[in-house]
Amino acid sequence: MTTTSGTTTAAETTPPTHNWAGNLRYGFARHLRPRTLGELQEQVAAEPRLRVIGSRHSFTAITDGEVALSLAGLPDDVEVDADTRTVTCSGGATFGALAASLEAHGLALANLASLPHISVAGAVATGTHGSGAGLGNLATAVRALTFVTADGALRTVTRGEPDFAGAVVHLGALGVVHRVALDVEPAYEVAQTVHPGLGWDVAEPRLREALGAAYSVSLFTDWGPAGVTAWVKRRVGADPLAGTTSDFLGARAATTPQHPVPGEDPVACTAQLGAPGSWAERLPHFRMGFTPSSGEEIQSEWHVPAEHGPAAVAALRAVHDEIAPLLMISEIRAVAADDLWLSPMQGRDTVSLHFTWVRDQAGVEAAARVVERALAAYDPRPHWGKLYSHSPAVLASYPQADAFRELRERWDPEHVFTNDWTARLLD
Ligand SMILES: Cc1cc2nc3c(=O)[nH]c(=O)nc-3n(C[C@H](O)[C@H](O)[C@H](O)COP(=O)(O)OP(=O)(O)OC[C@H]3O[C@@H](n4cnc5c(N)ncnc54)[C@H](O)[C@@H]3O)c2cc1C
């Protein structure tokens, strides 16, 4: 199945050279692309080192390595069980493809990230999240994961089993996630309005109230004096619904579609102006089929305990002048606490502080250090897939970090699924 001559077999293809954003050049020399489960198991068992790639939307070397393995050649095979409210799909499926299948069955996920383009397994592996004070990150919807482990065997962990909470947010370090089972619920509608001009006099002291005022709320800002623009996603039937002219904490709704990044075309964004529509076409900010966000960018994000939210916001406003030249836009979101060992929301309701930077690697690394100094007093946890100062110290605020190390030794004693990024963190 594999080759030592430098040529590729039918189940191999040219390795990807870089991540989605183009800020990271991968070191992959080979790219395995199995077409069946059997082929996947054989390839995994034969490789001394490999790293799974999803949709390559991470900005860190978490996804780098020598041998890449992708699930893109495997069938999606979405299976819906309406009785147990579960959907099972390939780890390589995107949320966009999964949402289309769910909509055909009249079902929905509880939440989505800002974009539907990312792979389900890649998002789960890093604790990717959307916004909603009452909503967990996307990994909290996982009911079971089926891995192909280093010896090529299948291993399923299901919610309630001892290893489950450790294995869900796994940083790609435990095996290849072949199948993902997620909780689903009956389909629902969402209405989205965008409210520019919410002043800091309201947004900072009443941050938790603002983030909790609807099913999903995001606050976009450049940390300057203009305050924030609130993107408000109301769930029809759960939140009081509002039309295009209604207020959000005193800020009127925009009457034309908006893009979170100033100057970008709102055609790439999901429907606004308060028109109710499918959950899948309102919860993300960006539409499938269009470039999400800006494209030419780097992202960072730090998660702080919700009670530190207002103070963390004040600290970031204080460094606005230092980071402004590199910053396109920031987004403040809320995520509910969970019990997943390496989830950035483990044990704490969270305020997430996101940064979309211009694509200047050295400049952004310096700006990230400014942000990290500003947030240091507030116990920040970085997003595993976004740029930050990578060091084992970031695990200090994860009570189960050593338990995860022990789990990894049991599941992958030869460290087949390691790379420089995981070695620096875990070894
Ligand atoms: C434009 C843009 C918008 C974004 N918006 C958000 C957002 O709203 N919220 C948020 O939290 N994050 C966001 N992100 C970050 C993104 O969600 C994460 O980086 C996520 O991990 C990307 O998934 P991926 O499949 O592209 O990951 P990749 O970079 O391909 O992989 C990430 C990790 O998952 C592992 N992995 C992938 N597939 C598998 C598998 N099948 N089995 C085992 N391991 C696997 C990889 O080995 C790697 O460790 C955004 C990124 C971009 C570029």
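The values are calculated or read from the model by the stated rules, or taken from the named source; none is laboratory data. This structure is a prediction, so every number in the text was calculated from the model and none was measured. Glycine gets a Cβ as well: all are built from the backbone with ideal geometry, and neighbour counts include every protein chain shown. What goes into the accessible areas is simple: the full protein's heavy atoms, side chains included, and nothing from ligands, DNA or RNA. Shrake-Rupley method; radii C 1.70, N 1.55, O 1.52, S 1.80 Å.
Rounded to whole numbers, the Karplus 3J(HN,Hα) couplings from phi for the range 342-353 are 9, 6, x, 9, 4, x, 8, 4, 10, 10, 9, 10 Hz, using 6.51 cos²θ - 1.76 cosθ + 1.60 with θ = phi - 60°, and x at Gly and Pro. Asp201 sits with roughly 120 Å² accessible to a 1.4 Å probe, with DNA, RNA and ligands left out of the calculation.
For the range 322-328, backbone phi angles converted through the Karplus equation (6.51, -1.76, 1.60; θ = phi - 60°) give residue-by-residue couplings of 6, 9, 3, x, 9, 9, 8 Hz, Gly and Pro being listed as x. The residues of the range 264-316 have, on average, 32 Å² of accessible surface per residue, using a 1.4 Å probe with all protein chains present. Close amide H contacts of Met328 (hydrogens built in the peptide plane, cut-off under 5 Å, sequence separation of 5 or more or a different chain): Thr356, Trp357, Val358. Reported to the nearest whole Å, the Cα centre-to-centre distance from the range 43-85 to the range 232-310 is 29.
A 1.4 Å probe over all protein chains sorts Leu102, Leu154, Leu115 by accessible area into Leu154, Leu115, Leu102, starting with the largest. For the chain, the dipole from Cβ point charges (+1 on Lys and Arg, -1 on Asp and Glu) about the Cα centre works out to 280 debye, to the nearest 20.
Sorted largest first by accessible area at a 1.4 angstrom probe radius, with every protein chain in place, the residues Met288, Met328, Met345 fall in the order Met288, Met328, Met345. For Gly130, nonlocal amide neighbours, meaning residues 5 or more places apart or on other chains whose placed amide H falls under 5 Å from its own, are Leu138. Stretching Leu249 away from Glu66 to a fully extended chain increases their span by 60.8 nm, per 0.36 nm per residue minus the current alpha-carbon distance.
Rounded to whole Hz and in sequence order, give me ³J(HN,Hα) for the range 102-108 from the Karplus expression 6.51 cos²θ - 1.76 cosθ + 1.60, θ = phi - 60°, writing x for Gly and Pro. Here the 3J(HN,Hα) series is 5, 4, 5, 9, x, 10, 8 Hz. Computed with a 1.4 Å probe over protein heavy atoms only, the accessible surface of the range 79-186 comes to 29 Å² per residue.
In the assembled protein chains, Ile118 presents an accessible area of approximately 20 Å² (probe radius 1.4 Å).
Residues Glu281, Glu185, Glu12, ordered by accessible area of protein heavy atoms at a 1.4 angstrom probe radius and largest first, appear as Glu281, Glu185, Glu12.
Counting only protein heavy atoms, what percent of the accessible surface of the chain is carbon or sulfur at a 1.4 Å probe? Roughly 51 percent, rounded to a whole number. Entry note, the chain: relative contact order of 17 percent, from Cα contacts under 8 Å with a spacing of 6+ residues.
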